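For reference, the structure is listed below as structure tokens.
The values are calculated or read from the model by the stated rules, or taken from the named source; none is laboratory data. Since the structure is predicted, the reported quantities are computational estimates derived from the model, not experimental observations. Glycine gets a Cβ as well: all are built from the backbone with ideal geometry, and neighbour counts include every protein chain shown.
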Amino acid sequence: MAFRESSTLQKIKYARQADQLAAQALVSESLKNFDLDNVQHHGFSVSRYPSGELTGGYFTTGRRGKNLLPPSRPSATTEVSRPGRKKIRRAVENSHCELKYFFTLTFAPATLKPWHFDINGAVRQDYAKAQFIRFRDTVSHSVIRREKAKLKTNPVYEIVPFKYLWVAELQQNGNIHFHIMSNKYLPVQWLKEVWGQAANSVNVKTLNNISHAVNYIRKYISSDRVSEITGNRYGISQKLREEMVPEKFVKDTKEEIEEIHELLDSMKETIEGNGGTVLAFGFSSPRPCRDVDYLDKNGKRKRRKGVRKKYNDGLLDLMFGEGTASVPF
């Protein structure tokens, strides 16, 4: 069933589009007058995440251009952005407890009304998002109530917060569905009742470990790069966001910055040999992990080299004198 937009809504949409175009033109003009080569580095900052991952880069202070505005956010996207993919990966890696339960929520067209579909016959995304928010809030509140009830019967019981992240994706038929990773197992039959769709609209899978969880969710956020979804494509619970906040280390004198620059230049081959990267503006080193044996697309057995914990600690120690071990170079 098709619906025509009212003239008021159309005017609002056109006004927003005009504002976006004006802002983009202003940013383009500001960038033309902004000479990046004349910017001096004011410091070097390194972030150490709870998982052990290191990222570092140069930074400057003050405004970098006159009337420079941030780019406007599109109302619809075709993929999870690169910063978004990093946030999702870090949310899984830095969680204090494993996100080992993977839920998939789909819609059953036979149970929906005609006005729940768009002009292309797919489930309307605004309706789907509203149903998902209802489901998420119901589950979260129920888990909190259960934890508080356990505390009443057992005063020494330690409440385990409900932590989760979700990713939206489109099926081949155009219907949106949702993937959720959680630290708590939830009864499947109860989830089906809360979701309110068909009996096969909720699927639950148990993941083995952090590496399995990272690879599993990465498959979904990397494979879908053509489906247009309005609004947020993913979400991370507040408790998970609090756990992925890194520890910061900063050096801001010219001599210290030059020392770090020389260190990264001399260690470029070593860092990249351990799975990291060294670029003109900074570096990154992945979280410590064991060597992993796997089969490639051709069925050939290969080994992905892991990173030892003392390697990242030693690298940080060389830069800031804050590590707990030295790097054997």
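Structure notes:
- Residue among Lys129, Lys150 that alone is in a helix (DSSP H, G or I) and modelled with pLDDT of 90 or more: Lys129
- Enumeration of residues in the stretch 265-279 that are assigned to a helix (DSSP H, G or I), at pLDDT 85 or above and surrounded by fewer than 18 Cβ atoms within 10 Å (Cβ to Cβ): Asp265, Ser266, Lys268, Glu269, Thr270, Glu272
- Any hit, the stretch 92-101, residues being surrounded by 19 or more Cβ atoms within 10 Å (Cβ to Cβ), among the polar types (S, T, N, Q) and at negative phi: yes
- Entry remark, the stretch 127-145: residues being out of contact with any helix residue (DSSP H, G or I) (no Cβ under 6 Å at 6 or more places or on another chain) and surrounded by 13 or more Cβ atoms within 10 Å (Cβ to Cβ) number 11 in total.
- Residue match in the stretch 163-182 (condition: under 22 Å from Ile88 (Cα atoms) and exposed (fewer than 14 other Cβ atoms within 10 Å of the Cβ)): no
- Selection from the stretch 153-206 of residues that are of a type in the set (Val, Ile, Thr) and closer than 21 Å to Ser140 by Cβ: Ile159, Val160, Val167, Ile176, Ile180, Val188, Val194, Val202, Val204, Thr206
- Selection from the stretch 88-126 of residues that are part of a helix (DSSP H, G or I) and either of a type in the set (Val, Ile, Thr) or under 30 Å from Pro288 (Cβ atoms) (or both): Ile88, Arg89, Arg90, Ala91, Val92, Glu93, Asn94, Thr111
- The listed residue being touching a residue at least 40 places away in the same chain (Cβ under 8 Å), in the same structural domain as Asp137 (by TED's automatic domain parsing) and touching a Leu at 6+ places or on another chain (Cβ under 7 Å), out of Ile210, Ile221, Ile236, Ile217: Ile236
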